[in-house]
Amino acid sequence: MVSRLVIAAVVFGATVTLYGSTPTFWEVSTETEFLRGDIENLSIDSFGRLTLGPTAAPMYETSAPFVWAVITAPDGSVYAGSGNEGQVYRVDASGKGSVFFDTEELEVHALAPAPGGGLYVGTSPNGKIYRVDAKGTGSVFFDPDDRYIWSLAVDRAGNVFAATGDKGVIYKITPDGKGAPFYATKATHAMTLAFDRDGQLLAGTESPGRVFRLDASGKPFVLLDSSYNEIRMLRVDGRGNIYVAAVSGRAPSAPGAAQPGPATPPPAPSLTPNVSTEITVVAVGDSVVTSSPQGGGPGQGRGGSGAPVGALFRILPDGAWDLLWESRTDTPYDVAVDSDGALLVATGNAGKIFRLSGDPLQPTLIARANAQQVTSLVTQSEGRVLVATSNPGKLLRLAAARAEKGTYTSDVRDAQTVALWGTIKWEALTPAGSRLEISTRSGNTSTPDETWSDWSSVYGDREGSPITSPRARYLQWRATLSAGKGEAPLLTSVTAAYLPRNLRPRVSSITVHPPGTVFQRPFPVDPEIAGFEGDLPDRRMNQLPGSGSPSLGRRVYEKGLMTFVWRAEDDNGDDLSYDVFYRREGETSWKILKRAMSQQILVWDTTSVPNGRYTVRIVASDAPSNSTTTALSGARESNAFAIDNVPPSITVTSVRRDNGRATIAFDVRDANSSVQKVDYSLDGDRWQSVYPKDGIADSRFEQFELVLEGDAVSRGVTLRATDALNNTASTRGEVSEPASGRR
């Protein structure tokens, strides 16, 4: 009966999952951390506070991957130019839409109102301008030789101005369709057009990125010669300020993402799946507001790396300009001024809309569309904003009113292995009548799917509620915020604790340095502490940053010593200790060399063991960070190496004299390693090499013949032999006394 109990206990113990001793805390409390999740009808300020944001609703979803240009009609309907089928959609105020006009080209980049409720439509490539009446019937209005029609603007007299590429010509077309070049910008593309408050034409170009003002005769004046490659959009507010969206080259994009741009026809679309939440409201990320005076260069952005990819400039009515905002990650596509006078900036390739407000201006990311690019913004009545997107092509409507309910879904936490979940806690303000609910789910796939657990019941204790989701590798949490009659709840942080499964440490490499190679201790960076013989925690193992091996000092040579350096890792981040064993080739048992080492280097005095071939074994244990029942170890064996502390032997077999020449024949033999080098000296003069009779020193027995001529015959000869492990032997003989036979 006792033996059965013992067997049962052993079997049970074999199935127990061993967890580490140090818990991991997953905390989400900053703006950057919150932005990694998915948000619906919520807002995050620059202090990393999550609360209810403005409401958002879908208006119309086209079948096109791109929506490039949007204008509104007096009756509240919306016209949208799209690609890659070159169609114009009309969407009425109720959200019902259809194809209004279908061009022969691939892209519609430009729209402008025409007399009588019609439209001017600019297409690319093989650029044409169509005039379309209110019923959707159109004909070619103007057909230049240029490939792209990027922008259209209609003046008070009904003249149409067209910005084109790829020759950078701006055309002026009279109401009867007769057109001619108005100004050749000498840029690759004329990208965008607008009128200032005095009715003068403004133009932005690409390669180089400049802003021009043109008088009635077409005389240009450069308002801004930016350091950016392209001026993508120009907008003028009621006070005459000109806002300039500039980009540098092409913005970073996800693999396979279609990136709009002027230099080439738009590539094939990268469609995204439809989702129920069309816009999510979040806060600022990887951008900066700067106040760079006229003549100054772009300021430095916050977050990201490398040069900025986009910026927003403001040109004042007196011609002075400021750099208001720039980003290393988000490329601006459009600019609008909302009902409060704040600036809205539409960007790609993460579908973000920034709001710049305050004094000084502060950026907030107020919305994120489920699309790669937000390409156009149109402010409407009652503070609403019409939003157009690409990849996929949609029309959305963002309202100024606060939502009554919103949901935040965190990113997925990877515990690396199946983990033991601890508690979840949060910090929040919940005014009377408002509600904040936290729940979790878990699974073993990196993307939540039907194999994941259901969302748990709502946790009730903000100071720490046990996570009830099943043990798994991945964890996710969700927060639902609901407003009461007064203020909305405010969530500032969420922390989830878990204990990863204890993983076995690994010895990934062992370096066996050549015999006699040792390293001096590096001079300490910090002064030593008098009376303290241990290692300070921040100097433990004297490691270089990011390395798993000790920092080695200057290389020196010490006969009989061998240095072993190894590298070990532990995915739990546990402290490790090391046992070092050795065995001689042919033996089956390991002998201990040293136990419980904290450093990853060992110097062995090999004179304490017989010559031969040996192997060392390094065993790494995470026992310093775990209990005796949960500690694990991993091991690795080195390549075989030779220990040889005995020099080779030199045997002179014969000395022959013939016509003033002497030939000394001798053998060199070593019991454990190959003969590496043999040389000779005459009466203590410089050493000269001697090569084996077979031409190569590569074995433990080699035969040599040394031929001496002239006065060298009468001089004393010293022979020296060195083996592969740097053991050296020498012998001396006189040529005048030839050997009689083999010795």
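Annotations
- Residue in region 421-428 that is crowded, with 18+ Cβ neighbours inside 10 Å, of a type in the set (Phe, Trp, Tyr), within 22 Å of residue 236 (Cα to Cα) and under 30 Å from the mean Cα position of the chain (by Cα) present: no
- Scanning region 380-411 for residues that are outside any strand (DSSP E or B) and either under 30 Å from residue 27 (Cβ atoms) or under 31 Å from the mean Cα position of the chain (by Cα) (or both) gives 391, 392, 393, 403, 404, 410, 411.
- Checking each residue in region 328-348 for being polar (S, T, N, Q) and crowded, with 24+ Cβ neighbours inside 10 Å picks out 331, 347.
- Qualifying positions in region 656-706 - aliphatic (A, V, I, L, M) and in a strand (DSSP E or B): 662, 664, 665, 668, 675, 678, 682, 706
- For region 454-473, the criterion of being part of a loop (DSSP other than H, G, I, E, B), among the charged types (D, E, K, R) and crowded, with 19+ Cβ neighbours inside 10 Å is met by at least one residue.
- Filtering region 370-379 to residues that are part of a loop (DSSP other than H, G, I, E, B) and touching a strand residue (DSSP E or B) at 6+ places or on another chain (Cβ under 6 Å) leaves 371, 372.
- Close pairs from region 400-421: first more than 17 Å from residue 35 (Cα to Cα) and polar (S, T, N, Q), partner at pLDDT below 90 and crowded, with 18+ Cβ neighbours inside 10 Å, Cβ under 7 Å, at least 6 apart: 416/500; 417/500; 417/501; 417/503
- At least 2 residues being closer than 30 Å to residue 487 by Cβ and out of contact with any helix residue (DSSP H, G or I) (no Cβ under 6 Å at 6 or more places or on another chain) is the threshold, and among the strands (runs of 3 or more DSSP E) wholly inside region 33-129 those reaching it are 38-40, 42-44, 50-52, 54-61.
- Answer residue from region 367-412, given it is surrounded by fewer than 24 Cβ atoms within 10 Å (Cβ to Cβ) and among the hydroxyl-bearing types (Ser, Thr, Tyr) and is farthest from residue 472 (Cα to Cα) among those: 381
- Strands (runs of 3 or more DSSP E) enclosed by region 573-613 - at least 3 residues per element that are on the phi > 0 side of the Ramachandran plot and of a type in the set (Val, Ile, Thr): none
- Within this structure, residue 629 passes the test of being under 16 Å from residue 501 (Cα atoms), β-branched (Val, Ile, Thr) and exposed (fewer than 14 other Cβ atoms within 10 Å of the Cβ).
- Residue 183, sole failed condition from (1) at pLDDT below 95; (2) within 23 Å of residue 317 (Cα to Cα): (1)
- Residue tally, condition closer than 17 Å to residue 497 by Cβ and either of a type in the set (A, V, I, L, M) or touching a helix residue (DSSP H, G or I) at 6+ places or on another chain (Cβ under 8 Å) (or both), over region 438-469: 2
- Every residue from region 560-572 that is assigned to a loop (DSSP other than H, G, I, E, B), surrounded by fewer than 21 Cβ atoms within 10 Å (Cβ to Cβ) and among the acidic types (Asp, Glu): 571
- Scanning region 710-726 for residues that are polar (S, T, N, Q) and farther than 24 Å from residue 644 by Cα yields a total of 1.
The values are calculated or read from the model by the stated rules, or taken from the named source; none is laboratory data. All values reported here derive from a predicted model rather than from experimental measurement. Glycine gets a Cβ as well: all are built from the backbone with ideal geometry, and neighbour counts include every protein chain shown.
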